[in-house]
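Worksheet for the structure shown next.
The values are calculated or read from the model by the stated rules, or taken from the named source; none is laboratory data. The structure displayed is predicted, hence computed values, not measured ones. Because the Cβ atoms are built from the backbone with ideal geometry, glycine has one as well, and the counts that use them run over all protein chains shown. Heads up: the accessible areas ignore ligands, DNA and RNA and are worked out on the full protein's heavy atoms, side chains in. Shrake-Rupley method; radii C 1.70, N 1.55, O 1.52, S 1.80 Å.
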Amino acid sequence: SLTADDEAVSDWSTFEPQLAAYGVSNFDTLETVPSALRAALPEAAQDSSVRLPPLPGVRRELSALGSSVADADVAVNSAATEQAFCRDARRAGILHVASHALVNASSPLQNAVLLRSSGSASGNGSDGVLFLHELQSQRSQIPLVVLSGCSTAKGTLRGGEGMEGLQSAFRAMGAQSTISTLWPVDD
């Protein structure tokens, strides 16, 4: 159905890059859980340090994408910053993100994908945690967004709207199509 869309992209050269792929495979222990993440974490982890499992398949996934698409920007681990991701979300043809996703069933605006902090002291809010509400403030006409993470489509069920998950934030910002999951996936 993605290729049969009447409004399919006719000129991929208008996007620079054609593919922007971001992924995080190594996660440090969060000694102090940021307050914005507490609601998305299991109750037992809310007030203690959190250790997220590594995702070694992310490196292979992004390497395969980079070698398959001639005009691809691939950012892994420290290069996969929230700030760079938001920049490319406004100009790429396909946006691919592979990382841990956190889903908050009671507050969909707290759904998030984990990236890396930009490390700058500019106060731009780039903490490496890309929340649904941060995505909805951007506008882009990106043809395709791929969310390669657990439960990226899961969220609060809204009558007449469907699941309000991370994919809905990308649709709200202007993505024509999204690929996401309703379940946990293997790395």
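Could you check residue 164 against (1) under 18 Å from residue 100 (Cα atoms); (2) among the charged types (D, E, K, R); (3) out of contact with any strand residue (DSSP E or B) (no Cβ under 6 Å at 6 or more places or on another chain) and say which number it fails?
The single condition residue 164 does not satisfy is (3).
Does any residue of region 50-58 turn out to be out of contact with any Pro (no Cβ under 8 Å at 6 or more places or on another chain), modelled with pLDDT under 85 and either part of a helix (DSSP H, G or I) or not basic (Lys, Arg) (or both)? Full working, then the answer.
Let us first name the residues in region 50-58 that are out of contact with any Pro (no Cβ under 8 Å at 6 or more places or on another chain), namely 50-58.
Narrowing the set further to residues that are modelled with pLDDT under 85 leaves 50-52.
Filter again for either part of a helix (DSSP H, G or I) or not basic (Lys, Arg) (or both), leaving 50, 52.
There is at least one residue in region 50-58 that is out of contact with any Pro (no Cβ under 8 Å at 6 or more places or on another chain), modelled with pLDDT under 85 and either part of a helix (DSSP H, G or I) or not basic (Lys, Arg) (or both).
Has region 164-180 got at least one residue that is farther than 27 Å from residue 71 by Cβ, free of Cβ contacts under 8 Å to residues at least 60 places away in the same chain and in contact with a Ser or Thr (Cβ under 7 Å, 6 or more places away or on another chain)?
Scanning region 164-180, I find at least one residue that is farther than 27 Å from residue 71 by Cβ, free of Cβ contacts under 8 Å to residues at least 60 places away in the same chain and in contact with a Ser or Thr (Cβ under 7 Å, 6 or more places away or on another chain), so the answer is yes.
Starting from residues that are under 10 Å from residue 133 (Cβ atoms) and buried (at least 21 other Cβ atoms within 10 Å of the Cβ), keep the ones in region 96-118 and report whichever is modelled with the highest pLDDT.
By that ranking, first place goes to 112.
Identify, please: which residue in region 137-187 is touching a Leu at 6+ places or on another chain (Cβ under 8 Å) and assigned to a helix (DSSP H, G or I) and is, among those, most open to solvent (accessible area, probe 1.4 Å)?
Among those that are touching a Leu at 6+ places or on another chain (Cβ under 8 Å) and assigned to a helix (DSSP H, G or I), it is 172.
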